[in-house]
Amino acid sequence: MAITNAREYEAALEEAIALMDAEPGRQGAEPRLMQLLEDIERYRPTFSVEAPGRGDDISARAGELVGRATELKRRWHERQPSRWTSFPEGRDGIGPTTGV
């Protein structure tokens, strides 16, 4: 039985807990427990996300911060040349033996 929603997931968890708490000598509990644990592991809940409203202050602020961060990143890359090596660079060249 594949778990398709949160209610079935909760029921499978409850049944698995009950089977784990049952006496170890109980016949037939082990295969059912293994099947439940497999079904619980396979369940991947999905969440529906609604688009934020136009008047949502938090969404507007988040958008503003993302825009500012993007602009700062662009300006940083303009000022800092791309480095092809992790060695320090000094006036005598690049490398670990330049004393930098």
So if each residue of separation counts as 0.36 nm, and I subtract the Cα-Cα distance between His77 and Glu30, what length gain in nm does that give? 11.0 nm
Rounded to the nearest 0.05, what FRET efficiency do Ile17 and Thr46 have when you use their Cβ-Cβ distance and R0 = 30 Å? 0.80
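Bear in mind that the values in this text are calculations on the coordinates, not laboratory data. Computed from a prediction, not measured in an experiment: that's the story for all the values here. Ideal geometry is used to build each Cβ from the backbone, glycine not excepted, and the neighbour counts take in all protein chains shown.
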